[in-house]
Amino acid sequence: MNQRVITLLVCLICVSANVLHSQEKMDTTKEESKSIIIKNSDFYEFRGDLDPPEQFFKGNVKMTHDSVFMFSDTATVTESILTAMGEVVILQNDTIKLFSDSLYYNSETNQAKLFYDVVLENGEQQLFTERLDYNTETKIAVYPDTAILRNKRTTLNSLRGKYDMNASLATFVGEVTVIDKEFKLYSDSLLYNTNLDKAIFVSPTRIEQETRNIYCERGFYDIKNGRSEFSQNAYYLEGKKSAKANTIRYDETTKIINLIGDANYQDEEKFAEADEMIYNEVTKEITLLGNAMFNDGETVAKGEKIVYNENTEEISIEGNTNLDSEESMISSKNLSYDDSLGVAIFTDDVEFFNKEDSVYVFSDRIEVDDKNSSFIANGETRPYMLQFIDSDSMLLSAEQLHISERVDSLDTINMFKAYHDVRIWGEDFQARSDSLYYDSSDSIFVLFDQPIMWSDSMQFTADTIRLKLGKSGIDKIYLNGNGMINEWLEDKYYNQLKAKYIEAQIDSSKIKNLLMRQNAEANYYILDDEKAFVGLNFTLCNRMKFFFAGGELSDIKFYEQPTSKLTPFQKLTQEQIYLKNFKWDIDNKPNSLEDLLKPKEKVEISIPLNDPSDALEEVEGESVKESKEKKSNEKSQSKN
């Protein structure tokens, strides 16, 4: 055997010894956790001429390291470094799989770098990228370049990211896009819980759905359960509807959107704000809670709770309700409103103010009909109205108050009606009747059914009383049908004017003149300079007129064959001092707001007297029989 052959045999023996020694070292249990174990390969080559030496494996290469299995077409092992090429596969546990074209793996740091057509599978999640850094110990994957994370229903894209499989949490950074069958999401940064299928927003995020857009800077989207929360400058847009709040929550199952904190809602015509809003997409009902305000373009509604339905256009308000429009303002504790019918019902401490006429209405209940431009005030307690006429105020109460509008040509006419037991209390006059009507076209109050009115010491009665308002109060008083004016002087003595029609002209709350027509009668006392009674003048005439100056009678004119009779005061009889049907009903005159609001009395306001002498019983508080007996005794004593 020559020297060359001997040398070749020695080299082969040495190489074989080195390979066996290397394989024996990798199989050592002590070093197993740090060593890469080659389980199989079709071809093996030891490259001892390199520094450091390397081992090369080719064909069906199977490797393992610390419970991680790796496969490739070729592999090179240099100390703790593994480089694999072609159809690279990494298997860990039962769920984690990685695929790539190339692999660089450090067995000491457990760090793997995968290149080209990289796929990471973890259960139902699949991550696609061109480069991936993966730690087999921490199970954290980091990709420095564009990647796609996909499951059965959602696809996520970003420029950079990290996937912590122990925590089931993926971090996406840079041009993040999420595509789901229900929405599209765009963000700069996003956390995604792969186990819960939940996206967590950590930067400005925009979500697009079929009919809506949502913006926020913090929050989450529970994709699996269809629940989401958007916070920090949260904004919601659907068609021409928009909403803002500190936090917006949405439940796809119940179709309920909840806006919390400084919430507001707006569409083409309506605007609403509250501490919290709840919107039901199915019923189209919006509930506003806490400091709620609703503006439909014409009226501003305020309350503690407002519920509005877009389909039925019904609105209800609870707790300190307030509605403010260009024409009026109304407040109450509760409100229900049907926008389709245009009817609003206010209850509990209702206050209404008409800005144009300076009219206030107070009631337990007010029903407002927008379509018919009217409202009705009623309730357990009597509603009442306050109106300022010039600098004076007038209070009116009844069982029901009605206010309405009608259009006459180009003018809007305001009409006011009061029904049953009407009571009026003003600084210059007071009145009562069963019913009342007012029309702004002629500024006349009409009192029906046993009307009676008082002004200072005067009392007015008739079948109907009409009061015409001027700029500074009442201008004229019309007594139509059985008109009568009684003026109390003292004791049981009254000036009395009676006619079918009486017209009184008023100036500065004083009677300026009186015109009496048809069957006019007058009982008027003549006084001397000391205001002592001189006599009683009775005049019967078809037409007469009285003139006053400073509240005192200054002149009288009689027309159409007057007849008069002057009776000295000492010769007056009981039959002379009262005209027929005389009545003095001062006890029923309202003198305060309390008188306006107290329950209706069962007795009639007044009862006509058939016998004028019966008035003595009412005025003096004694019976007719007692009065006659007293006078008879006086005559007997004088004769004696």
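The values are calculated or read from the model by the stated rules, or taken from the named source; none is laboratory data. Note that this is a predicted model, so its numbers are computed, not measured. FYI the Cβ positions are ideal-geometry reconstructions off the backbone, even for glycines, and counts take in every protein chain you see. The protein model used for the area step is the full one, side chains on, heavy atoms only, and it has no ligands, DNA or RNA in it. Shrake-Rupley method; radii C 1.70, N 1.55, O 1.52, S 1.80 Å.
Details
- When Phe46 is tested against (1) hydrophobic (A, V, I, L, M, F, W, C); (2) crowded, with 18+ Cβ neighbours inside 10 Å; (3) touching a helix residue (DSSP H, G or I) at 6+ places or on another chain (Cβ under 9 Å), just one condition goes unmet, and that condition is (2).
- Here is the figure for the range 332-354: residues that are open to solvent by less than 70 Å² (accessible area, probe 1.4 Å) and farther than 27 Å from Asn311 by Cα total 4.
- Residue among Leu386, Leu395 that alone is in contact (Cβ under 8 Å) with a residue 60 or more places away in the chain and within 30 Å of Met453 (Cα to Cα): Leu395
- Scanning the range 57-84 for residues that are surrounded by 18 or more Cβ atoms within 10 Å (Cβ to Cβ) and among the hydrophobic types (A, V, I, L, M, F, W, C) returns Phe57, Val61, Met63, Val68, Met70, Phe71, Ala75, Val77, Leu82, Ala84.
- Just one of (1) closer than 28 Å to Thr155 by Cβ; (2) surrounded by fewer than 16 Cβ atoms within 10 Å (Cβ to Cβ); (3) of a type in the set (A, V, I, L, M) fails for Ile96. It is (2).
- For Asp357, the criteria (1) open to solvent by 30 Å² or more (accessible area, probe 1.4 Å); (2) under 19 Å from the mean Cα position of the chain (by Cα) hold in every case but one, which is (2).
- Of the residues making up the range 341-357, those that are at pLDDT below 85 and either part of a strand (DSSP E or B) or within 16 Å of Leu401 (Cβ to Cβ) (or both) are Val343, Ala344, Asn354, Asp357.
- Residues that are open to solvent by less than 60 Å² (accessible area, probe 1.4 Å) and either among the acidic types (Asp, Glu) or touching a Ser or Thr at 6+ places or on another chain (Cβ under 7 Å) (or both), drawn from the range 133-150: Asp133, Tyr143, Ala147, Ile148
- Within the range 173-183, the set of residues being at pLDDT 90 or above and open to solvent by 90 Å² or more (accessible area, probe 1.4 Å) comprises Glu175 only.
- Single match in Ile586, Ile605 (criterion: modelled with pLDDT under 85, among the aliphatic types (A, V, I, L, M) and closer than 30 Å to Glu380 by Cβ): Ile605
- Any chance Asn233 is of a type in the set (S, T, N, Q) and at negative phi: no
- Within the range 151-172, considering residues that are within 41 Å of the chain's Cα centre (by Cα) and in contact (Cβ under 8 Å) with a residue 60 or more places away in the chain, the one least open to solvent (accessible area, probe 1.4 Å): Thr154
- Selected residue (only one of Leu593, Leu616 is aliphatic (A, V, I, L, M), farther than 16 Å from Tyr494 by Cα and modelled with pLDDT under 90): Leu593
- Which listed residue is out of contact with any Pro (no Cβ under 9 Å at 6 or more places or on another chain), under 24 Å from Lys557 (Cα atoms) and open to solvent by less than 30 Å² (accessible area, probe 1.4 Å), from Ile526, Ile444, Ile506, Ile452: Ile506
- Residue in the range 558-603 that is surrounded by the fewest Cβ atoms within 10 Å (Cβ to Cβ), counting only those that are under 21 Å from Asn486 (Cβ atoms) and among the charged types (D, E, K, R): Asp587
- Taken together, the criteria place Leu190 among residues that are buried (at least 22 other Cβ atoms within 10 Å of the Cβ), within 41 Å of the chain's Cα centre (by Cα), under 18 Å from Ser231 (Cα atoms) and among the aliphatic types (A, V, I, L, M).
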